[in-house]
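Peer 1: This is the structure I want to talk about, given as structure tokens.
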Amino acid sequence: MSKKLRKRTLSTEEIIQMYKSGESTTKIAERANVSARYIRLLLSENHIEMRPRGSWKRKYKLNEHYFFTIIKKQGYIHYHCTAKS
């Protein structure tokens, strides 16, 4: 059995710079001849803040507090309607 030896073709500094410039871990991994998991491990070892997975796919930003503010306003309106009755 011949096992292909994997050698990383990019330095750690180059990988970090590519990631910070917006390149995906998958594309970096292809260029560096390693796995995307290894790239994520390398970035976390060097204390690089990771982007959320799939963040480049998202079309719209989500306001997670949107419904909380509506409920708060409805409670305020409901309180005043029932208090006057």
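Peer 1: How many percent of the alpha carbon pairs in the range 1-53 exceed a separation of 17 Å?
Peer 2: 28 percent
Peer 1: Next question. Using a 7 Å offset from the Cα along the Cα-to-Cβ direction at both Tyr38 and Lys61, what is the distance between the two label points in nm, to one decimal?
Peer 2: It is 3.7 nm.
Peer 1: For Glu14 and Arg31 in one chain, what is 0.36 nm times their gap in residues minus the Cα-Cα distance, to one decimal in nm?
Peer 2: 5.0 nm
Peer 1: Mind ordering 27-38, 11-22, 42-53 by average Cβ neighbours within 10 Å, highest first?
Peer 2: Packing order, densest peptide first, comes out as 27-38, 11-22, 42-53.
Every number in this text was worked out from the coordinates using simple rules, so none of it is lab data. Here the structure is a predicted model, which is why all the values come from computation and not from measurement. Cβ: placed from backbone, ideal geometry, glycine included. Neighbour counts: every protein chain shown.
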